[in-house]
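A short write-up of the structure that comes next.
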Amino acid sequence: MYGLTRATVTLLSAAVAGFLIWIATQVGDSSNGGYWATYGLIAGAGLVMALSQLLGGWTKWGLPRMSINVFLWAFVPAAIAVLWIVVFHQPDHGLGRNHIRTWSNDIGIDRLVKDFKEYVGVLAFGLGLLFGYTFDTTGPAARRGAAPGGRTVAERPAPPPRRDAPQREGPPRDAPAQEARPRQPVGTDSRSE
């Protein structure tokens with residue numbers, strides 16, 4: 001059942017992601033507003049695909065939560081790099097495009113950033129996917145307090161021994177501990193020379 005549920009959710013998510021990408025093709029990217037809408041929709045498609053694995057799997061049967069380490073150490077640096085490239089290729093000035101282009105030229109990476117012009121959509125999709133990877137499920141919350149039947153763990157009787165378990169030699173577990181003998185110092189030969 002798990003495999004079927006995950007496969008179904010993945011298929012539905014792929015359809016939603018494809019629909020978002022199709023809408024992005026209808027918007028156009030010749031103006032700043034259209035540019036950001038187009039690549040925002042493509043990033044949303046990546047997010048949908050990542051969340052499909054989270055919601056379709058429910059591998060731990062818990063609630064989704066954000067992993068701060070993945071967010072800070074993976075998503076934030078990637079977002080800075082991708083947004084640098086996306087802003088650089090923005091069609092009109094504004095939103096820092098001219099600053100990014102000047103800074104790229106000053107530090108000598110403008111040719112590298114220009115090489116990504118045809119792949120801004122791929123970077124946007126990947127950034128959305130990476131943002132989705134910052135989420136994970138936690139296991140179900142453990143109940144505190146009474147165990148099933150209203151008794152605490154200490155009050156429950158010990159389970160009976162298994163029939164195939166080897167027999168234990170020595171006093172039974174619930175027998176009182178033997179009193180320890182007093183310790184005596186160990187003597188050594190003293191050699192006189």
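None of the figures in this text is laboratory data; all of them are computed from the coordinates on show. Given the structure is predicted, the values throughout are model-derived calculations rather than measurements. Glycine gets a Cβ as well: all are built from the backbone with ideal geometry, and neighbour counts include every protein chain shown.
Other residues whose C-beta falls under 10 angstrom from the C-beta of F88 contribute a net charge of +3, scoring Lys and Arg +1 and Asp and Glu -1.
Using the Cβ atoms and a cut-off under 14 Å, what net charge is assigned to the surroundings of D110, where Lys and Arg are +1 and Asp and Glu are -1? Overall, the nearby charge balance is +3. Counted residue by residue at 0.36 nm each, then reduced by the alpha carbon distance between them, the extension gain from N32 to A74 reaches 12.4 nm.
Computed from backbone phi, the HN-Hα couplings of the range 83-98 come to 5, 4, 5, 5, 5, 4, 8, 4, x, 10, 5, x, 6, x, 4, 5 Hz, rounded to whole numbers (Karplus: 6.51 cos²θ - 1.76 cosθ + 1.60, θ = phi - 60°; Gly and Pro given as x). Summarising the amide proton neighbourhood of F135: residues at separation of 5 or more, or on other chains, whose placed amide H is nearer than 5 Å comprise S67. Computed from backbone phi, the HN-Hα couplings of the range 12-25 come to 5, 5, 5, 5, 5, 5, x, 5, 4, 5, 4, 4, 4, 5 Hz, rounded to whole numbers (Karplus: 6.51 cos²θ - 1.76 cosθ + 1.60, θ = phi - 60°; Gly and Pro given as x). Placing R0 at 41 angstrom, the Cβ-Cβ distance between R65 and R111 gives a FRET efficiency of 0.50 after rounding to 0.05.
In terms of other Cβ atoms within 10 Å, D110, D164 run from fewest to most in the order D164, D110. Scalar couplings 3J(HN,Hα) for the range 39-51, obtained by applying the Karplus form with A = 6.51, B = -1.76, C = 1.60 to θ = phi - 60°, are 6, x, 5, 5, 5, x, 5, x, 4, 4, 5, 5, 5 Hz; x denotes Gly and Pro. Note on W22 and N98: with the Förster distance fixed at 30 Å, the Cβ-Cβ geometry gives a FRET efficiency of about 0.40. Here the range 63-145 has an Rg and Dmax of 17.7, 63 Å, counting Cα atoms alone.
Working ranking of peptides 116-127, 25-36 by packing, defined as the average number of other Cβ atoms within 10 Å per residue, highest first, is 116-127, 25-36.
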